[in-house]
Structures are given as C-alpha cells and as structure tokens.
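The values are calculated or read from the model by the stated rules, or taken from the named source; none is laboratory data. Just so it is clear, the model here is predicted, and its values are computed rather than measured. With ideal geometry, Cβ positions are generated from the backbone for all residues, glycine too; neighbour counts draw on all protein chains shown.
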C-alpha cells in the first residue's frame, strides 16, 4: 500500500500532473472571464437561479436564511474551485501529495468565497425587488418630463421610508415637470408606470 501511495505521489509531482494542473488553471481562468463578460450583457448568470414565468416576471429565491442560502454546488463555484485548484497545483504540485492537498485546499477556499459572493448578490437582488414592489401605490413628483403613450422615460422622485428614490417612469399621457403622480405599476428593470393624480392629500405628496 505504501509503495502504491509513493508511486501516486511521484505521479502527482511529475510532468503529466503538472500539465493537468495547467489545463485546469488556464481553461478555468478563460471560462471565468467569459462568464463575467456574458453576465455583463445579461446572457448568463448564477445570480439568476430564479424562476421566470411566461409573463416575464421573475420569482426570486426565498428570503435570506443565512448559511442555508449558500450555494456550494453551482457552475461558478465549481469553476472557481477548478481554477484555483489548477493554479494551486501549478505552484505546489511538485511536492506530490502535499502539493495536491495544498491545491485542493486553495480550490476549496475559493469555492467558499464564490458561494458567499453569489449569496450576497442574490440578497442585493432580493432587496432591490422588494423596494420596487414597495414603490407601487406611492406618490412622487416628476422632475424630468414624461412623454405620453409610453414613448419615452421621464424621471420621478419618490419618498420611500426615510430615503428618496429617483426612478424611470413611463405614462400613457404626457406629464410635465413638477406634477404629482402615483406609481401605478412596476414594468420591470426598475421602470414604473405612473398616472397623474391631483387629488392626493397634501401630506402624502
């Protein structure tokens, strides 16, 4: 048994294993860069482990429950593991079993970090969606004229809690700057449909 382990250790310290480490490191890095670029254009994302219904509405994951929200097995966490495992092997691989263990540990650490980052981004997404939902029914003031027929976006200032939010707004009828409006619906992507409302009580304006 010891002889077998020694042979495996020699293999892990050899050129073939180094080639495998390099393959993981380079291919993982390239795939990671590609995934980031695609995410910037909205083409692919682990951060959208969400269900989209036929109306285009997105059902986000359940509210934050701490450690249970971490996803250790997803495309990006596995990619992070393989990439850092490869680079760890490139650096420490010549030490055989010890180098393999070091590379595995590096990959594991990066996998955990990636899981926390993904969980954090999901939480930000959830918070943003909750804020959008809370906007509906609130009143605001137009500070950039809204064209009619939903032909273009204007800007509306809305007080939500203790914060003031500036949102993109569309309307079926043109609404001039300074007019009071009511948020009628969330159109998605942070855009809202508004209607002019001059009957809002003064304290709500």
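Checking the structure you have, find out if any residue of the range 105-114 is surrounded by fewer than 17 Cβ atoms within 10 Å (Cβ to Cβ), at pLDDT below 85 and part of a helix (DSSP H, G or I). There is no residue in the range 105-114 that is surrounded by fewer than 17 Cβ atoms within 10 Å (Cβ to Cβ), at pLDDT below 85 and part of a helix (DSSP H, G or I). For the range 135-143, indicate whether the set of residues that are within 26 Å of residue 176 (Cβ to Cβ), in contact with a helix residue (DSSP H, G or I) (Cβ under 7 Å, 6 or more places away or on another chain), at pLDDT 80 or above and not in a loop (DSSP other than H, G, I, E, B) is non-empty. Among the residues of the range 135-143, at least one is within 26 Å of residue 176 (Cβ to Cβ), in contact with a helix residue (DSSP H, G or I) (Cβ under 7 Å, 6 or more places away or on another chain), at pLDDT 80 or above and not in a loop (DSSP other than H, G, I, E, B), which makes the answer yes.
For residue 118, state whether it is surrounded by 17 or more Cβ atoms within 10 Å (Cβ to Cβ) and not assigned by TED's automatic domain parsing to the domain that holds residue 7. Against the criterion (surrounded by 17 or more Cβ atoms within 10 Å (Cβ to Cβ) and not assigned by TED's automatic domain parsing to the domain that holds residue 7), residue 118 does not qualify. Residues in the range 1-36 that are assigned to a helix (DSSP H, G or I), more than 37 Å from the chain's Cα centre (by Cα) and surrounded by fewer than 12 Cβ atoms within 10 Å (Cβ to Cβ): 2, 3, 4, 5, 7, 15, 16. When the range 149-166 is examined, which residues are found to be within 16 Å of residue 187 (Cα to Cα) and either surrounded by fewer than 13 Cβ atoms within 10 Å (Cβ to Cβ) or at pLDDT below 85 (or both)? Within the range 149-166, 149, 151, 166 qualify.
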